[in-house]
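Novice: Before we start, here is the structure in question, set down as structure tokens.
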Amino acid sequence: MSSIKKLAGETVWYGISSIAARFINYLLTPYLTYLSLISTENYGQMGAIYAAIPMFNIIFTYGMETTYFRFMRKDLNVDEVNNTATISLIISSILLSGLLWLNQESLAKIATLQEFPILIQLSIIIIGLDALSTIPFARLRYEGRPRLFAIIKIANILINIGFTVFFLSYCPAKAKAEPHSWAVVVYRPDINPIAYVLLANAIASLLTLILLSKWALPKKWKFNLQLWYSMMAYSLPMLVAGLGGMVNETFDRLMLGWWLPNEHGFADQQRGIYNACYKLSILITLFIQAFRMGAEPFFFKQAEAGNPQKTYARVTKFFVITVSIMFLVVVLFLPIWQHFISPKYWSGLKVVPILLLANMCLGIYYNLSIWYKVINRTIDGAKITLIGTAITFIINYLFIPRYSYVASAWATFSCYCSMMVVSYLWGQKKYYVPYAWKKLLAYIAISLLIYFIHKGITAFYGNFVISLSLGALLILAYVIFILKVEKKEFIQMPLIGVLVKKYL
């Protein structure tokens, strides 16, 4: 239990900071969707950019983060691993950034943003800077320094938000009030407002790299070529898996631009609505991101201990319990959560439960995927991800022209659900873990049943107060049910254990 408590503690710290990185714009969602300067078309364009950036982040880091944790073992020289990984990423980041800069027009076509080259240029800068921060952040995670990790990530958040508000609120107001002030130079209304969002992101990425400067360079400029070959053999399948995973996660925003007509900005509007509603799965998404931050190094360390499979099974059980409760918190209180985005995006709220379920499946898949990492079968992980990628492309290609972003939501769910099932079935043959799968499926099924009960009752009694009160009662009943079933587990926890002993 102590190891799981340690993971939970680190997950809290990583959770505080995980709002940064790929999901940094989530905190800005209410501000940007309510801001009059940004239309649904602009928000759709931003969705396309932030769909492409993570794809190139995967290419720029080529699985080196996970590889770093795998090779930082007692039987290897950790300084050599750190030096080799750092030098590799520095050289590749410079080369790849130059290559992208020379191919800006092609990138603009892929993102359907040919009219806005500045968006592409700023994106390249962000990608390069973020890649250089990969190993320094990984080193903090490996050394078990989640507080410092969180402080730097939070600094990134504050800088990003601060400059975004500065560029999009303060400067326009200043320029309007004083037409001859410096603000006229900084803010130009003829520039796409999303450029200022990206500029703020680029500044935050640069300052974050400066904060990480102590760990950004190798201790010695000594490159172990043989070690690098071994690391690349492990990481390249992770690159394929990462690319496939990112296609599954973000590429639908690009596909909406490819396969919907964009007369009068229709395609941009549709992906803007979808992009905003996707953010309402933030509670589960951020927990999964935080969990991954803590779990990846934790799982590898557990692999060296006795009987790690039992620990993996227990972690997965607690994970499923947590995300099933989070699912209910979002869907039953959606009348509150919907105000996280502007009413002009509410027409897409129907996809939120689908996306929440999809992200539940993705989180469970991350737990199940430990088998191919610890037995060095990352190629199998790549195959599983490619299965999901194929499903994503097929469903989106066939149904986007008719059903728009609703097709994308179901494609996301089908993809992650398939990956979860395949990983479980395949993993149990290669590396058996005693998952209590019947119990876990029951927990998920009960949470879905509660959702449909709530939806059915509120269909007849649509009062706001009744809806929220009923939702709170149903969630409380579900939590009490879980605590009773898992009484032996929860009774060992300091605070929860006291409550369970007293009332259950």
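The values are calculated or read from the model by the stated rules, or taken from the named source; none is laboratory data. Predicted model, so just to flag it, every value in this text is computed and none were measured. Here the Cβ positions follow ideal geometry from the backbone for every residue, glycine too, while neighbour counts run over all protein chains shown.
Let's see how each residue does on (1) acidic (Asp, Glu); (2) outside any helix (DSSP H, G or I); (3) surrounded by fewer than 18 Cβ atoms within 10 Å (Cβ to Cβ); (4) in the same structural domain as Leu28 (by TED's automatic domain parsing):
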residue: Pro136; (1), (2), (3), (4): no, no, no, yes
residue: Ile151; (1), (2), (3), (4): no, no, yes, yes
residue: Cys171; (1), (2), (3), (4): no, no, no, yes
residue: Pro189; (1), (2), (3), (4): no, yes, yes, yes
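Novice: Quick check on this structure: which one of Leu448, Leu504 is assigned by TED's automatic domain parsing to the domain that holds Leu334 and either at pLDDT 85 or above or at negative phi (or both)?
Specialist: Details: Leu504 fails: assigned by TED's automatic domain parsing to the domain that holds Leu334.
Selected residue: Leu448, the only one of Leu448, Leu504 that is assigned by TED's automatic domain parsing to the domain that holds Leu334 and either at pLDDT 85 or above or at negative phi (or both).
One line per residue, one yes/no per condition, for (1) at pLDDT below 55; (2) of a type in the set (S, T, N, Q):
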| residue | (1), (2) |
| --- | --- |
| Ile16 | no, no |
| Ala21 | yes, no |
| Tyr31 | no, no |
| Leu35 | no, no |
| Tyr50 | no, no |
| Thr61 | no, yes |
| Glu65 | no, no |
| Tyr68 | no, no |
| Leu76 | no, no |
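Novice: Still on this structure: Take segment 414-432 and flag every residue that is more than 21 Å from Ile395 (Cβ to Cβ), within 26 Å of the chain's Cα centre (by Cα) and in contact (Cβ under 8 Å) with a residue 24 or more places away in the chain.
Specialist: Scanning segment 414-432 gives Tyr424, Trp426, Gly427.
Novice: Another one. Can you tell me which residue in segment 202-257 is surrounded by the most Cβ atoms within 10 Å (Cβ to Cβ), limited to those that are of a type in the set (Phe, Trp, Tyr) and part of a helix (DSSP H, G or I)?
Specialist: Residue satisfying both the conditions and the ranking: Phe251.
Novice: Continuing with this model, one more query. If you scan segment 60-104, which residues turn out to be under 15 Å from Ser123 (Cα atoms) and either aliphatic (A, V, I, L, M) or outside the structural domain of Ile379 (by TED's automatic domain parsing) (or both)?
Specialist: To start, the set of residues in segment 60-104 that are under 15 Å from Ser123 (Cα atoms) comprises 60, 93-94, 96-104.
The answer is Ile94, Leu96, Leu99, Leu100, Leu102.
Novice: Within segment 317-340, restricting attention to residues that are assigned to a helix (DSSP H, G or I) and aromatic (Phe, Trp, Tyr), which residue is surrounded by the most Cβ atoms within 10 Å (Cβ to Cβ)?
Specialist: Only one residue tops the list, namely Phe327.
Novice: How many residues are under 30 Å from Tyr312 (Cβ atoms) and of a type outside the set (Val, Ile, Thr) when one looks only at segment 334-387?
Specialist: 25
Novice: Let me ask something else. Kindly evaluate Ile38 against the criterion of being over 18 Å from the mean Cα position of the chain (by Cα), surrounded by 19 or more Cβ atoms within 10 Å (Cβ to Cβ) and touching a residue at least 24 places away in the same chain (Cβ under 8 Å).
Specialist: For Ile38, the condition - over 18 Å from the mean Cα position of the chain (by Cα), surrounded by 19 or more Cβ atoms within 10 Å (Cβ to Cβ) and touching a residue at least 24 places away in the same chain (Cβ under 8 Å) - is met.
Novice: Also, I was wondering about something else. So which of Lys344, Lys439 is in a helix (DSSP H, G or I), at pLDDT 90 or above, within 28 Å of Thr33 (Cα to Cα) and touching a helix residue (DSSP H, G or I) at 6+ places or on another chain (Cβ under 8 Å)?
Specialist: Lys344
Novice: For Leu441, state whether it is within 19 Å of Arg314 (Cα to Cα), without any contact (Cβ under 8 Å) to a residue 24 or more places away in the chain and in contact with a Phe, Trp or Tyr (Cβ under 7 Å, 6 or more places away or on another chain).
Specialist: No; evaluated as a whole, the condition is false for this residue.
Novice: Which one of the conditions (1) part of a helix (DSSP H, G or I); (2) at negative phi; (3) at pLDDT below 90 does Pro261 fail to meet, given that it meets all the rest?
Specialist: The one condition Pro261 does not meet is (1).
Novice: Then there's this: For segment 112-129, state whether one or more residues are of a type outside the set (S, T, N, Q), outside any helix (DSSP H, G or I), without any contact (Cβ under 8 Å) to a residue 60 or more places away in the chain and over 19 Å from Thr208 (Cα atoms).
Specialist: yes
Novice: Return the pairs, sorted by first residue and then second, in which the second residue is not in a loop (DSSP other than H, G, I, E, B), the first residue lies in segment 163-189 and is charged (D, E, K, R), the beta carbons are less than 7 Å apart, and the residues are 6+ apart or on different chains.
Specialist: As it stands, the answer is Lys174/Ala183, since those pairs meet every condition given.
Novice: Looking at segment 192-199, can you tell me whether even one residue there is in a helix (DSSP H, G or I), in the same structural domain as Ile126 (by TED's automatic domain parsing) and within 20 Å of the chain's Cα centre (by Cα)?
Specialist: Yes: segment 192-199 contains one or more residues that are in a helix (DSSP H, G or I), in the same structural domain as Ile126 (by TED's automatic domain parsing) and within 20 Å of the chain's Cα centre (by Cα).
Novice: Restricting to segment 50-78, name every residue that is closer than 13 Å to Ile135 by Cβ, assigned to a helix (DSSP H, G or I) and touching a residue at least 24 places away in the same chain (Cβ under 8 Å).
Specialist: Phe60, Thr61, Met64, Glu65, Thr66, Thr67, Tyr68, Phe69, Phe71
Novice: A further question on this structure: Pull out all pairs, ordered by first then second residue, where Cβ-Cβ is under 6 Å, the residues are six or more apart or on different chains, the first lies in segment 345-357 and is in the same structural domain as Ala409 (by TED's automatic domain parsing), and the second is assigned to a helix (DSSP H, G or I) and among the basic types (Lys, Arg).
Specialist: none
Novice: Mind listing just one residue for me: the one in segment 50-75 that is over 15 Å from the mean Cα position of the chain (by Cα) and of a type in the set (A, V, I, L, M, F, W, C) and, of those, surrounded by the fewest Cβ atoms within 10 Å (Cβ to Cβ)?
Specialist: Ile59
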